[in-house]
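Before any comments, here is the structure.
The values are calculated or read from the model by the stated rules, or taken from the named source; none is laboratory data. Every value quoted in this text rests on a predicted model; they were computed, and no experiment measured them. Don't worry about glycine lacking a Cβ; one is built from the backbone with ideal geometry, like all the others, and counts go over all protein chains shown. Note: areas computed on protein heavy atoms with side chains; ligands, DNA, RNA excluded. Shrake-Rupley method; radii C 1.70, N 1.55, O 1.52, S 1.80 Å.
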Amino acid sequence: MGGQDETLAFSELRAALGPVGFLTDDDIPVRNHADASVLRSQKPLAVLRPATTDEVSVALAIANRHRLPITTQGGLTGLCGGATPAPGSLALSLERMVGIEEIDGRAMTLTARAGTPLEAMQQAAEAEGFLFPIDFGARGTATAGGIVSTNAGGNRVLRYGMTRASVLGLEAVLVDGTVIGSPNKMLKNNAGPDLKQLFVGSEGLLGVVTRTVFALQPLPRWTGLALIAVRDFEDAADVLASARAELGPMLSAFEVMWPDYWAMVTENVAGRRDPFAERHGLYLLVEGHGRDGARDGATFEAFLEGIFEAGLVADAMLAQSLSDMEAFWAIRDASAEIEPVLGEHESFDVGLPPGEVGRFVEACRSELAKRLPASRAVFFGHAADGNIHVMASVEEPGPTGHHDVESVVYGVTRRFTGSVSAEHGIGALKRDWLGHSRSQAEIALVRSLKVALDPHGLLNPGKVI
Ligand SMILES: Cc1cc2nc3c(=O)[nH]c(=O)nc-3n(C[C@H](O)[C@H](O)[C@H](O)COP(=O)(O)OP(=O)(O)OC[C@H]3O[C@@H](n4cnc5c(N)ncnc54)[C@H](O)[C@@H]3O)c2cc1C
């Protein structure tokens with residue numbers, strides 16, 4: 001497409017969205033050129049900034065009629081190139097569709113427009129005495145529509161599930177402009193197939209999410225956090241089993257950091273110091289959310305005493321204050337700060353059967369050492385979910401260097417029947433590796449769904465499949 005047809009499409013879009021809602025040429029902000037991934041930035045043909053669901057519907061119908069591809073953008077914090085504009089596509093930004101429409105205390109739900117930042121939803125829920133259960137580092141910028149479309153995970157999946165577990169109702173717009181979905185607040189609703197699931201985690205392939213009803217949780221009144229050093233992953237697995245048995249549903253996070261990650265953070269990142277006197281085999285961050293400080297605090301301490309007595313603990317610290325908690329989490333959340341230390345590198349977000357995590361890390365480390373001896377790698381993640389993050393430097397800058405590291409890490413992941421993406425999604429960067437985790441039949445079914453809902457392949461072209 002181009003020339004006259006594009007001019008016609010642009011004039012229809014400008015008329016539908018107004019000057020604030022349709023940006024071209026030098027008015028296109030640089031932020032709309034790329035998400036937070038390493039994928040090369042790309043200026044879109046134009047930026048569509050609808051303010052309402054009706055405007056999304058009209059804009060998509062115009063683009064569909066003129067066969068103009070569209071890349072949907074939320075907060076642009078995605079890490080796999082999903083929201084970086086495909087070459088020759090329009091960017092559809094939800095940034096003007098911001099706002100919490102309702103908090104229903106009786107139903108314990110929060111209804112938000114797609115562009116609402118995660119942190120705004122957390123704060124609004126807390127002000128009403130509830131917990132918004134999804135949380136991760138990009139909370140200030142990631143949006144409701146983005147977290148739904150990527151089925152985001154984060155630090156508390158162990159307790160509250162992935163985003164999918166908190167989505168009760170959803171409104172989305174199909175590429176032809178059809179508005180679909182409902183503001184469902186019912187936990188139980190088996191009136192036929194649950195169509196909202198088509199849009200949760202499908203990374204904008206099948207429609208544009210415009211509004212979501214999220215389930216809220218009771219606000220914890222007490223939080224316990226312990227930093228625990230252990231010998232190895234076998235001991236970590238026993239600590240996890242004990243935490244599950246003793247803390248039950250209180251257990252809200254179980255994070256693991258291998259010594260390579262620990263050393264890189266505590267030796268290089270300002271403000272992150274090693275609180276232990278000695279180096280250890282593995283570091284755990286164990287968090288409990290409770291309702292009663294005296295009772296739940298005692299349960300948490302009894303769990304710690306139990307693992308000490310079982311000989312599982314090399315050293316441990318219980319956070320005594322909010323600043324202790326922030327300092328402990330700051331070590332776990334320092335992955336962005338070690339990027340300059342690693343230099344050009346690849347970041348991985350693999351999923352493993354939880355029982356295989358320790359063996360996976362050993363196998364991955366030894367395979368990297370054998371095949372790419374100059375690559376430096378660090379390992380950390382959400383051990384209880386089997387979600388491990390690997391950051392590994394490339395031996396030579398450029399695509400070949402990245403492909404070499406990917407081929408080692410994804411090769412080992414496949415051997416362990418793992419997933420090439422536990423939580424960040426596939427986007428553009430992992431598309432060629434999807435076959436390591438999904439069968440040809442599964443990929444063909446996704447293609448069929450895509451053709452059924454978006455026959456001209458206009459939504460997020462080149463992403464996922
Ligand atoms: C510091 C940092 C920490 C992070 N930690 C985590 C973590 O712990 N867990 C985790 O899961 N992710 C994490 N991420 C990744 C990222 O924040 C999430 O994937 C987030 O959900 C993306 O939201 P967004 O609004 O920025 O979406 P974008 O980056 O704008 O888009 C992501 C994808 O969703 C699509 N999309 C966005 N909005 C819509 C919509 N309304 N309708 C249809 N499709 C849409 C886009 O086309 C794209 O494919 C982290 C990122 C950073 C930078």
* **Positions within the stretch 161-173 being surrounded by fewer than 20 Cβ atoms within 10 Å (Cβ to Cβ) and in contact with a Ser or Thr (Cβ under 9 Å, 6 or more places away or on another chain), in sequence order** => Gly169
* Asked: For the subset of the stretch 126-144 comprising residues that are in a helix (DSSP H, G or I) and either closer than 20 Å to Leu158 by Cα or open to solvent by 10 Å² or more (accessible area, probe 1.4 Å) (or both), which member is nearest to the ligand (Cβ to nearest atom)?
  -> Glu126
* Taking Gly161, is it at pLDDT 95 or above, closer than 28 Å to Arg291 by Cβ, within 16 Å of the ligand (Cβ to nearest atom) and touching a strand residue (DSSP E or B) at 6+ places or on another chain (Cβ under 8 Å)? -> no
* State all residues of the stretch 149-185 that are part of a helix (DSSP H, G or I) and among the hydroxyl-bearing types (Ser, Thr, Tyr); if no residue qualifies, say none. => Ser149, Thr150, Tyr160, Thr163, Ser166
* Within the stretch 183-204, track down each residue that is closer than 23 Å to Leu92 by Cα and surrounded by fewer than 15 Cβ atoms within 10 Å (Cβ to Cβ). => Leu195, Gln197
* Asked: (1) closer than 22 Å to Glu344 by Cβ; (2) surrounded by 22 or more Cβ atoms within 10 Å (Cβ to Cβ): which one isn't true of Gly418, the others all being true?
  -> (1)
* Structure fact -> By residue number, the members of the stretch 205-243 that are under 27 Å from Asp315 (Cβ atoms), of a type in the set (A, V, I, L, M, F, W, C) and open to solvent by less than 10 Å² (accessible area, probe 1.4 Å) are Leu225, Ala226, Leu227, Ile228, Ala229, Val230, Ala236, Val239, Ala243
* Return a yes/no flag: does the stretch 72-79 have any residue that is under 23 Å from Pro455 (Cα atoms), at pLDDT 95 or above and under 20 Å from the mean Cα position of the chain (by Cα). => yes
* Asked: Regarding Asp27, is this residue of a type in the set (Asp, Glu), assigned by TED's automatic domain parsing to the domain that holds Glu101, open to solvent by 30 Å² or more (accessible area, probe 1.4 Å) and within 29 Å of the chain's Cα centre (by Cα)?
  -> no
* Check on Gly153, open to solvent by 30 Å² or more (accessible area, probe 1.4 Å) and within 12 Å of the ligand (Cβ to nearest atom) -> no
* Answer with yes or no whether Ala46 is surrounded by fewer than 19 Cβ atoms within 10 Å (Cβ to Cβ), in the same structural domain as Gly457 (by TED's automatic domain parsing) and away from the ligand (no atom under 13 Å from the Cβ). => no
* Asked: So how many residues does the stretch 431-465 have that are under 29 Å from Val157 (Cβ atoms), touching a residue at least 12 places away in the same chain (Cβ under 8 Å) and either among the polar types (S, T, N, Q) or within 12 Å of the ligand (Cβ to nearest atom) (or both)?
  -> 7
* Restricting attention to the stretch 105-117, report how many residues are hydrophobic (A, V, I, L, M, F, W, C), open to solvent by less than 30 Å² (accessible area, probe 1.4 Å) and more than 8 Å from the ligand (Cβ to nearest atom). => 2
* What residue, among those in the stretch 67-91 that are among the aliphatic types (A, V, I, L, M) and near the ligand (Cβ under 6 Å from one of its atoms), is most open to solvent (accessible area, probe 1.4 Å)? -> Leu79
* Of Glu6, Glu95, Glu102, Glu12, which residue is within 30 Å of Glu128 (Cβ to Cβ), open to solvent by 10 Å² or more (accessible area, probe 1.4 Å) and either basic (Lys, Arg) or not in a loop (DSSP other than H, G, I, E, B) (or both)? -> Glu102
* Asked: Yes or no: Ala172 within 10 Å of the ligand (Cβ to nearest atom) and in contact (Cβ under 8 Å) with a residue 60 or more places away in the chain?
  -> no
